[in-house]
Amino acid sequence: MTATLDRPSTTPLDRTDHRVGPQLRAASVVAGGVLFAIGNALHPLRHDDAALEAPTWLAAHLTFGAGAILMAAGLGVLGRRLAPSRIATIGLGVLWLGLVLMPIGSITEGYVAPAMDHGFHDLEASIGWFSALAGTSTILGPLLVAIGALRHRLLPVPVALALPGITVGALLVGVLPVEGYGIIPGTVVFGLGMAAAGWASRRP
C-alpha cells in the first residue's frame, strides 16, 4: 500500500511588465509638444481684456494646456536619455513642475477670466504667486535641460537649442512693443523642440 503525499501546486509568478513603454511615453511627449505649439500659435498677440473676445482664446488655452499634460506624462522618457547630466536632470524636474501647473492657469484664463469684469487686472493680481511659480519653472527648466544636453551631447543640437525658445521669448516680453511678438514664437519653438526630443527618445 502506497501513500501519496499532497504537494502544494505552484504557479509561476506573473512577471509581466505593466509599465508604460518608452515608445508610448515618447509618443505622449511628441503629441504634447505639437499641441503646445498649436495652442500657443492660436493665442492672441496681446494678453489683456480685449484678447478675451478673440475667437481662439478658449481653444488656445485648452490646446496648449492639454499639450502640457501630455508632455508631463511622458517626460520620464527624456529623463532616461538625459540621466548622464545632473543639470539636465534637475532642469527636467523643474520643467515637469511647470508643465503640471500650466493647465491650471490655462483653464483659469480660459474660463474664469472672461467671466470677470476687468478680467486680467483682477485675475493676475489674485494669482500672481501661482503665475510666478509656474512661469519660473517653465522658463528655467528648458534652459537647464538645454545646457546639460549640449554639454554632454544628449540631444541633437537643433533640438537642444529649440528648448530655451520659451526662455528667450519670455525675456523679450518687456522689450518688444507687443508681448506676443516674443513669447508666442518662443513657445511654439519650445513645443516643436519637445516634440523632436520625444521623437529622438522613442528607442533606448
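The values are calculated or read from the model by the stated rules, or taken from the named source; none is laboratory data. Not measured: the values here are computed from a predicted model. Note that we place each Cβ from the backbone using ideal geometry, even for glycine, and neighbour counts take in every protein chain shown.
Could you please let me know if Pro158 is exposed (fewer than 14 other Cβ atoms within 10 Å of the Cβ) and modelled with pLDDT of 85 or more? So Pro158 passes the test. Among residues of the range 17-42 that are over 17 Å from Leu92 (Cα atoms) and part of a helix (DSSP H, G or I), those with a beta-carbon under 7 Å from a residue that is at pLDDT below 95 and basic (Lys, Arg) at least six positions away or on a different chain give the pairs Gln23/Arg202. The condition (being buried (at least 22 other Cβ atoms within 10 Å of the Cβ), touching a helix residue (DSSP H, G or I) at 6+ places or on another chain (Cβ under 9 Å) and more than 22 Å from Val173 (Cα to Cα)) is satisfied by just one residue among Leu99, Leu95, Leu82: Leu82.
I need the helices (runs of 4 or more DSSP H) fully contained in the range 156-204, keeping only those with at least 1 residues that are under 13 Å from the mean Cα position of the chain (by Cα).
Values: elements: 157-162, 165-171, 180-200.
Where helices (runs of 4 or more DSSP H) fall fully within the range 156-204 and carry at least 1 residues being under 13 Å from the mean Cα position of the chain (by Cα), they are 165-171, 180-200.
Restricting attention to the range 67-104, the residues that are farther than 17 Å from Thr136 by Cβ and either in contact with a Phe, Trp or Tyr (Cβ under 8 Å, 6 or more places away or on another chain) or not in a helix (DSSP H, G or I) (or both) add up to 6.
Considering the range 35-72, the residues that are surrounded by fewer than 20 Cβ atoms within 10 Å (Cβ to Cβ) and under 18 Å from Leu163 (Cβ atoms) include one that is nearest to the chain's Cα centre (by Cα), namely Ile38. For the range 106-124, the count of residues that are modelled with pLDDT of 95 or more, crowded, with 19+ Cβ neighbours inside 10 Å and either of a type in the set (Asp, Glu) or within 23 Å of Ala31 (Cα to Cα) (or both) is zero.
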